[in-house]
Amino acid sequence: MQKRGIVILVAHDAKKNDLVEWIKFNKGTLENFALYATKTTGELIIKNIGLEINLLKSGPLGGDSQIGTMLVENSVNMLIFFWDPLSPQPHDVDIKALLRIAVLYNVPIACNRATADYLISSPLFHQDEVFKEE
């Protein structure tokens, strides 16, 4: 089955369970997309939900940069990044750069469950012409 586009799934440690619960609820929709995730997040999704995930490196070990490259190459349709605003992150500079690039390249970003719900339930999300070619 040809996938409709690319959705990237990322979560900081304190938000991984929130992301997994959101993905479980939206599994039927998300399985129509090529899904990418940083290593630890992706392995958790595979283990708990069974979705096919293209694994990138762990965020601090280059995964954030890999996502940034995908954003710059104009191949990402949506970035779901449940980040933790209360915990210091050793790769905070990389995270800010990633979010900056997503905004620069006009990629929809959800940083929490409420925003992710709005994006995935939008009529625009379900229009094929909105999504770029892989």
### Query
So which trypsin sites (Lys or Arg not before Pro) in segment 33-86 end up in coil per DSSP with only 15 or fewer other C-beta atoms within 10 Å?
K57
### Query
Expressed as cubic angstrom per residue, what is the convex hull volume of the alpha carbon set of the chain?
97 Å³
### Task
Above 15 angstrom, tally the Cα pairs of segment 58-116 and express them as a % of all pairs, no decimals.
47 percent
### Message
So if I place +1 on the C-beta of Lys and Arg and -1 on the C-beta of Asp and Glu, and nothing else carries charge, what would the dipole magnitude of the chain be about its Cα centre? I want it in debye, nearest 20.
### Response
160 debye
### Of the GluC sites (Glu not before Pro) in segment 29-63, those whose Cβ has at most 16 other Cβ within 10 Å and which sit in DSSP loop
E31, E52
#### Entry: Number of Lys pairs (Cα under 15 Å; 8 or more positions apart or on different chains) in the chain
11
## Note on the structure
Taking every other residue with Cβ under 12 Å from the Cβ of N26 and scoring Lys and Arg +1, Asp and Glu -1, one gets 0
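Bear in mind these aren't lab numbers, they're just calculated from the coordinates by the rules spelled out. Bear in mind the structure is a predicted one, so any value in this text is a computation, not a measurement. FYI the Cβ positions are ideal-geometry reconstructions off the backbone, even for glycines, and counts take in every protein chain you see.
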